[in-house]
Amino acid sequence: MPQEFVGPSIDWFALSPLLVLLGGGLFLLVAGALTPRWPRGWYALASASTAGTAAVLSVFQWSIIDRDGPGTLVAGALAFDHFAQFMTILLCSAVVLVSLLCDDDVRGTDREGPEVFALLLMAALGGVVMASANDLIVMFLGLEILSLALYVLVASDRRRSESQEGGMKYFVLGGFASAFFLYGIALLYGGTGSTNISDIVAGFQAGVSTGREDALILAGVALLLVGLGFKIAAVPFHVWVPDVYQGAPTPITAFMASVGKASAFAALLRVLVVALPFHRDDWRPVIWVLALLSLTLAPMMAIVQTNVKRMLAYGSISHAGFMLVAFEAAGHRAGEADPGTGMQSVVVYLAVYSALTIGTMAVISLVSRAQGGDTRLTILAGLATRHPVLALSLTLLLIAQAGVPLTSGFVAKFGAIQAAVTEGSYVIAIVAMAAAVIAAFVYLRIMVTVWMSTAPGADRQMLAYVSLGAPADDADGDAADGDAAAGAAATSTSTATATSTEVDTTGAAIAPEAITLSTAVVIAATVTFTIVVGVAPGWFLDLAANVTNYAR
Amino acid sequence: MFVLLALHLLIGVGIVASGDRLGRRAFAVAALAPLATVVWAITQADAVLDGRPVVVEVTWVEQLGLGLDLRLDAFGLAMVALVSGIGFLVCVYAVGYFSHPKQGTARLAGLMTLFAGAMLGVVMADHLLALFVAWELTSVTSYLLIGNDDRSPRARAAALQAILITGTGGLVMLVGIIAVGHTAGTYRISELLADPPSGGVISGGLVCILIGAFTKSAQAPFGSWLPGAMVAPTPISAYLHSATMVKAGVYLVARLSPIFATTGNWRLLVLVVGATTMIIGGLRALRQYDLKLLLAYGTVSQLGFLMLLFGTGQYQIAQAGVALLLAHGAFKAALFMVVGMVDHEVGTRDIRELHGFGSAWSPTLVVGVLGAASMAGLPPLFGFIAKEKALDGYVEHGDFIGSGAIVIVIVIGSILTFAYSARFVLGLFGVFGTDDADPRSRAAHAPSVLFLAPAAVLTVSTVAAGLAPVLVDRLVRASTLALQPGVTPSPVELWAGFNTALVLSLIVISTGLVLTAYRVPLGRLQRRASDAISWIPSAEQGFLACLRGMTDGSKRVTALVQNGSLPIYLAVIVTVAAVAPLIPAVSVFPSLPKLIDAPIQIPLGILVVVAALGAAVVRRRIAAALMLGAVGYGMAGLFIVQGAPDLALTQLVIETLATVLFVLVLRFLPTKWADRSPAIARPIRIGVSTLAGVSVFVMALVSSAARDDVAAPNISEEMIARSAPDAKGNNVVNVILVDFRGLDTLGEITVLLVAAVGAVALARTGRRRLIPGRREQGHARPDQGAGS
């Protein structure tokens, strides 16, 4: 006699951040489509306030978890813990900032309308689902929601072929990555008998899984790592990053670097640290290798770039390497009562990096818009004389990314290194420091360009000089080689760059960038965060220390 | 102490923010910060010299163990005397130097104040991490100061070189600091001193720390940035690159040597590097014609000397180091100031263009001669006392391996120092002046009193400390005690009796005189010798080679890894994804199951394989799409044979739909693929596809064989049993979709929704009309609403 069917009890308030994001996105889309064009800025305002509301609701959840401890929602589909709320707040804050940036970016173009903002909310929804998933299928759904929204956002600038190309590449490669992820889930299901993380952990604790299904689990983990490695942009799955980051509209690049990366890291944490601590000795070496490759290769490739967004794209890969260093440290303690500081360092790094990248992209977006969408490094030349405050902000954001003390970037990098050293991963800690030096060189190059007083066009030699520190005449030859190499290497993306290089910009009068209120707010917010966390990081680290109490 | 640091920060930022409004008066404002520090230090001096350090402890980041613990002991006080005392004098001097301020001059003053604050942080920090923070700040401010003239490529290149070398060293040092601090359990220098740790990790960490110290103090082979940094204005060079910043490395070695001199290779490393630097710096100084470069190489040599004194960990020798530290700060800053005055009034620093000065220059020349004499180690000046003490320390107390060799190195280095000091003086008097150069120095206007005063003050202090060493005796002794508590430092005296050190000093002076007398043939000899060894790359060339290698290497890596081709990106990802699961799977590869159940499977299987191969081979797009469809239909047939008609039906419907969609889309594309890829691509593609196929095959076998082992009850039976009573459904697949996994289906619908939204968004933005040319005209104009 079958039992009476009992539906799962649903704590609607606990789900409220998700519901608000979903509702906001749908509302924006439906209402936006049915009504005439809204006054300027209202779409952005709507999406920013939706995301803001979701973030505030998450803060309430935080205090509820403080009181009641972590748990699961909707029959174990979603985790309800500090980590999920931390990521929700992080992702929603990023959406608020990026919405403000997008407002400036789409205004007056054919992209003006509710779609971009609705997609931002949808992507954040996917990210939140990924971060709070307690079931691998649910996590896959989150991944798909996020990815689909991102594909479209990347390709949304239909007037630039780079954007189209980026969207296409991201879509094709991302499709493969999602397929691998799904395949990995299937194998993991075969190995553990469940897709629910709580059940998987319980199964391990009961000692069910032994023998042959180990191979299934390992193969499943390998495929999951391929899928998530693609999303976090770790070498060797990073190949899409430079092309896509460069091609996407600048605010969307910021969005991918913050929301995209943070969600993927959250998912990686759920899968590896929460669900598979019993296999930590199997996956930790993989993380180690990914970290090592990302740390060493990315800055190497960043050095020769002439496009500032491309440079920052490689920067983001090397930042992913740093996060993986901390992740590797967390792997030493996965599943233990004392989780160490690894995971805490990862989330701190994620938050810090998200703020930095959004701020940096805000400045670049502003400057590049004034120069007709050009994103070559030379557009930044002379910024210091046109807009000293803007230049100062950019410099601060860059030195923070380089990890200079008294900025948030130092706190993040230091946390990662310290976690690695605490767990005895000296090799990778030293490699990380060496990589930080090369990466710092890249940021330094951008800074030097910003503070150069010469006009663009005349400073090809200067740039070559900066990049080589050698006498100007032979450095010029090298720079030409560099351009040629880049042009020959990258097919269409760099061809576009190379072609535009030939356009003579000498003597072109540069209109000072018009700083709009919304962008100014974004820059001010990120700079403030950078300084506050840099000077007084205690409160922030305290918050982050909570996240390791996962729901299982 | 924090108030003082904040004061530096405030004044520095204030001056930078005020732009060029202050002009050279900015330096007068900047002088306030070091002046306040000096006054404060004097009020604390008595207690500090009695061995009661001023301690301020502030927790910065508790979670990371980062503290901002400040501690001013006697050695710190000596450093503060250098940093703030000379800082104040340099500021005063700069007012005269920048009599015609250019754009950016005021910024120099602001940055210099910020640097002074950072440097104070270095010498006051008791927490190694706080020290590191301040240390990096000095690198950054130094970078900005060297590169302040942002129009000069030379300045920028030199600045870049300086920060690359010192910054890299700093980060290496951070690793060392973390390794040492983590192993020892404390980052406080005072606690390390009280309880010295040891072990393998510590030794490795110490090497890292030493690399940081060597780069900062321009030791071989990292010293190439210091001469380059001389492009900075002379007040900056006098302050940062002779008196203070370059001493940071020496300072750190001085602090840590009493703790770690006998740990690992610390002493050996310091002594070898210091000795090499001392000799090479001296030799190169001898060949310079630019007075400032001569002093720069002299500084390199003296820094090597200081390393030799502080690196041994023996207090008797370290005591000489403290004396030399103070003496060097005083005479070298004065000499730089003299060079700056010459440069300012005559317009050149090249000794071939100097032909002596008018009588009004006598005070300036006296300052220069006395400074050089102190540098050369002539009695009765402070420099002599310091060198005597050093020789005495090594001869009487150097009881470790190699101390005898170091004595010889010091003697040779001192002879070279004497020789280049003499060269400096002779150059100043115009001995090297060539006939074809314009003898404008004879008619040059003499520097004003204010301009000269700071250098004069330093010279007076050098002479006073030489004649009456009791003035510095207490500071030197207390500093030694601060470095190594519990020892009994000897008094500092001008006449220490007739001892070995005095004999060595006499040898130094007499040989130096000989070298000076025969300088012309010796110079020729030296040039020939250096030509002979010119194949050995210099540190400068090494640095450039590193940079070039990095750039070239990264170009090559980028061209290889990031070539923009989607197929290659895909190949990389697919290969990794195929190989990664294969590794664990192969180890448990089961025996092959029965491959054929029914005869009909054979033709179906052949159909699938042939169609798949055909799809990969044909050149027409539409044909490939149809082949893919054939694969799908073949699969559907296999499903039927296996007894799953519903699955087969689904498969058929989907295949049909996909084929129709393909045909619809292919209308817009060329009918054939234009294969433009190189010949090598084909085998690679075949290889990758084969690999992926093998991987999937193996995975399919392994995973289907693994099912028996799963201990949990078979889930499908339970679902079939419960579908009709629980969900009132007879099709178990439907029940799973809408009931058992209903939430997942809801999520899947959300995914579809997002996909639809995306498609709509793309379609809509594409159709929206644009006002022609508005984006091309420059930045967006928000006041015009876009037509839709």
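Structure summary
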| quantity | calculated |
| --- | --- |
| The lone exception for residue B:214 - which of (1) assigned to a helix (DSSP H, G or I); (2) surrounded by fewer than 23 Cβ atoms within 10 Å (Cβ to Cβ) it fails | (2) |
| Where a residue in region B:432-448 is in the same structural domain as residue B:338 (by TED's automatic domain parsing) and part of a loop (DSSP other than H, G, I, E, B) and its partner, wherever it lies, is of a type in the set (Val, Ile, Thr) and surrounded by 14 or more Cβ atoms within 10 Å (Cβ to Cβ), with Cβ under 8 Å and at least six apart | B:432/B:351; B:433/B:351; B:444/B:346; B:446/B:364; B:447/B:364 |
| Residue A:264 vs. criteria within 21 Å of the chain's Cα centre (by Cα) and more than 8 Å from chain B (Cβ to nearest Cβ) | yes |
| Residue list for region B:614-670, restricted to those being in contact with a Lys or Arg (Cβ under 7 Å, 6 or more places away or on another chain) and more than 22 Å from residue B:685 (Cα to Cα) | B:666, B:669 |
| Qualifying residue in region A:198-216 (condition: more than 7 Å from chain B (Cβ to nearest Cβ), assigned to a loop (DSSP other than H, G, I, E, B) and surrounded by 24 or more Cβ atoms within 10 Å (Cβ to Cβ)) | no |
| From A:32, A:71, A:76, A:52, residue being in contact (Cβ under 8 Å) with a residue 12 or more places away in the chain, under 25 Å from the mean Cα position of the chain (by Cα) and either within 13 Å of chain B (Cβ to nearest Cβ) or surrounded by fewer than 23 Cβ atoms within 10 Å (Cβ to Cβ) (or both) | A:52 |
| Meets criteria (modelled with pLDDT under 85 and closer than 17 Å to residue B:699 by Cα) for residue A:184 | no |
| Residue A:116 modelled with pLDDT under 95, surrounded by 24 or more Cβ atoms within 10 Å (Cβ to Cβ), touching a strand residue (DSSP E or B) at 6+ places or on another chain (Cβ under 7 Å) and part of a helix (DSSP H, G or I) | no |
| Which listed residue, of B:658, B:692, B:648, is small (Gly, Ala, Ser), within 20 Å of residue B:574 (Cβ to Cβ) and in a helix (DSSP H, G or I) | B:692 |
| Condition check for residue A:142: closer than 22 Å to residue A:84 by Cβ and either at the interface with chain B (Cβ under 9 Å from one of its Cβ atoms) or among the aliphatic types (A, V, I, L, M) (or both) | yes |
| Test result for residue B:667, at pLDDT below 80 and assigned by TED's automatic domain parsing to the domain that holds residue B:571 | no |
| Qualifying residues in region A:151-181 (those that are among the polar types (S, T, N, Q) and modelled with pLDDT under 90) - the one surrounded by the most Cβ atoms within 10 Å (Cβ to Cβ) | A:156 |
| Single residue of B:215, B:183 found to be closer than 28 Å to residue B:484 by Cβ, within 11 Å of chain A (Cβ to nearest Cβ) and of a type in the set (Val, Ile, Thr) | B:183 |
| Selection within region B:494-508 - touching a residue at least 60 places away in the same chain (Cβ under 8 Å) and either among the hydroxyl-bearing types (Ser, Thr, Tyr) or part of a helix (DSSP H, G or I) (or both) | B:500, B:501, B:502, B:504, B:505, B:507, B:508 |
| Qualifying residue in region B:188-195 (condition: over 25 Å from residue A:443 (Cα atoms) and crowded, with 24+ Cβ neighbours inside 10 Å) | no |
| Which numbered condition residue B:551 misses (of (1) free of Cβ contacts under 8 Å to residues at least 40 places away in the same chain; (2) within 30 Å of residue A:174 (Cα to Cα); (3) facing chain A (nearest Cβ under 9 Å)) | (2) |
| Test for residue B:162: is it part of a helix (DSSP H, G or I) and farther than 30 Å from residue B:187 by Cβ | no |
| Any chance residue B:743 is more than 10 Å from every other protein chain (Cβ to nearest Cβ), among the aliphatic types (A, V, I, L, M) and within 60 Å of the chain's Cα centre (by Cα) | no |
| Criterion: within 14 Å of another protein chain (Cβ to nearest Cβ), modelled with pLDDT of 90 or more and farther than 20 Å from residue A:116 by Cβ - qualifying residue of A:18, A:90, A:22 | A:18 |
| Residue B:632 vs. criteria surrounded by 13 or more Cβ atoms within 10 Å (Cβ to Cβ) and either assigned by TED's automatic domain parsing to the domain that holds residue B:604 or within 56 Å of the chain's Cα centre (by Cα) (or both) | yes |
| Region B:500-538 - residue that is modelled with pLDDT under 85 and of a type in the set (S, T, N, Q) and, of those, farthest from residue B:52 (Cα to Cα) | B:534 |
| Qualifying position, being in a helix (DSSP H, G or I), more than 10 Å from every other protein chain (Cβ to nearest Cβ) and not basic (Lys, Arg), among B:193, B:129, B:137 | B:193 |
| Region B:580-600 residues that are assigned by TED's automatic domain parsing to the domain that holds residue B:641, paired with ones that are among the basic types (Lys, Arg) (beta carbon under 6 Å, 6 or more apart) | B:588/A:212 |
| Subset of region A:411-426 [more than 21 Å from residue A:524 (Cβ to Cβ) and either more than 8 Å from every other protein chain (Cβ to nearest Cβ) or not β-branched (Val, Ile, Thr) (or both)] | A:413, A:414, A:415, A:416, A:418, A:419, A:420, A:423, A:424, A:425, A:426 |
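Matching residues to (1) crowded, with 19+ Cβ neighbours inside 10 Å; (2) more than 11 Å from the chain's Cα centre (by Cα):
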| site | (1), (2) |
| --- | --- |
| B:159 | yes, yes |
| B:167 | yes, no |
| B:175 | yes, yes |
| B:178 | yes, yes |
| B:201 | no, yes |
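Conditions (1) within 30 Å of residue A:164 (Cβ to Cβ); (2) within 14 Å of another protein chain (Cβ to nearest Cβ); (3) buried (at least 17 other Cβ atoms within 10 Å of the Cβ), marked per residue:
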position	(1), (2), (3)
B:569	yes, yes, yes
B:590	no, yes, no
B:595	no, no, no
B:606	no, no, no
B:614	no, no, no
B:620	yes, no, no
B:623	yes, no, no
B:626	yes, no, yes
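The values are calculated or read from the model by the stated rules, or taken from the named source; none is laboratory data. Quantities reported herein were computed from a predicted structural model and do not represent experimental measurements. Glycine also receives a Cβ, built like all others from the backbone with ideal geometry; neighbour counts cover every protein chain displayed.
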